[in-house]
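Quick notes on the structure that follows.
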């Protein structure tokens with residue numbers, strides 16, 4: 001059984017070389033049950049918390065869209081609302097043990113509900129602020145319930161899994177290019193080169209009242225490395241280059257720094273955000289001495305082989321509707 005508190009996790013964000021502001025957000029946190037003590041005859045301080053062991057791990061990246069102020073606000077709201085939903089609504093019985101199929105279905109439904117809640121919150125704020133109308137964000141959330149991996153996703157940020165020296169892109173880009181390639185109208189390279197290929201048809205917020213979250217289920221093994229990133233990375237760094245960096249036996253922090261440096265060296269046209277989790281054997285040789293293992297960048301107290309299968313809630317990609325497409 002993997003000790004989730006010993007996972008090597010790190011995340012970072014960088015403005016890049018050309019943007020004046022950074023609209024990206026990230027989160028890495030433990031999912032733990034906790035009791036907040038109001039009063040007791042024991043020696044605890046009033047209002048102190050007693051927390052249990054980690055039940056799971058969450059990694060999240062979001063890339064705000066719109067004007068600088070609006071894009072940053074949208075990504076901030078999405079992260080905040082996701083945390084709120086995890087604390088108050090998530091199906092906790094699925095955590096801390098290998099989840100049964102029914103438990104997984106309930107968890108998947110909660111993840112989809114969380115993104116729809118983000119959608120409502122962003123639209124509600126935009127209604128009374130003209131400057132923020134149309135603001136939106138990508139959102140990719142990975143939940144680790146060892147050995148299961150659950151990913152809920154909207155937009156063109158990505159989740160990758162490196163397993164046995166092979167890199168797998170778990171999520172699909174919600175762009176017109178991605179939709180055309182999914183429909184087999186053309187190859188992904190042809191679609192990306194076509195006019196408007198980078199336009200997003202599915203975002204949190206934006207001008208459309210609807211959102212279509214996709215949920216993916218995969219399995220993890222010791223030795224795997226998980227990566228979440230915004231498009232500021234993958235528009236400059238190829239999958240082969242990402243794979244090479246993930247396969248090196250470096251700490252999660254060093255991997256993040258190498259990825260960001262690679263994107264900046266290639267132009268850094270957008271904000272760059274990466275979150276990495278390494279599932280290494282605690283008995284393996286220690287990392288290089290100049291590398292530091294960072295267990296996590298934050299904690300939120302809440303009261304194999306990669307086999308990619310869309311969760312039951314995953315739907316087919318709809319045809320993009322004119323007027324509802326968000327330009328990058």
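Bear in mind these aren't lab numbers, they're just calculated from the coordinates by the rules spelled out. None of the values given here were measured: they were computed from a predicted structure. Here the Cβ positions follow ideal geometry from the backbone for every residue, glycine too, while neighbour counts run over all protein chains shown.
What is the order of 274, 151, fewest Cβ neighbours within 10 Å to most? Please list the in-between numbers first.
Details: 274 28, 151 24.
With the sparsest Cβ surroundings first, the list reads 151, 274.
If you rank 174, 236 by fewest surrounding Cβ atoms within 10 Å, what's the result? Mind dumping the intermediate values first?
Working: 174 25, 236 21.
Starting with the residue having the fewest Cβ neighbours, the order is 236, 174.
With labels modelled as points extended 7 Å from the Cα through the Cβ direction, what inter-label distance (nm, one decimal) is found for residue 43 paired with residue 207?
6.4
Measure off 7 Å from each Cα along the Cα-to-Cβ vector at residue 113 and residue 131, then give the distance between these two points in nanometres to one decimal.
According to this spin-label approximation, the distance is 3.5 nm.
Can you give me the C-alpha center-to-center distance between the stretch 231-252 and the stretch 103-152, rounded to a whole angstrom?
Between the Cα centre of the stretch 231-252 and that of the stretch 103-152, the gap is 26 Å.
In nm, to one decimal, how far is the residue 67 label point from the residue 84 one, both placed 7 Å along Cα→Cβ?
The answer from the label model is 2.3 nm.
Arrange the following residues from fewest to most other Cβ atoms within 10 Å of their Cβ: 125, 21.
On the way: 125 17, 21 13.
Fewest-to-most Cβ neighbours within 10 Å comes out as 21, 125.
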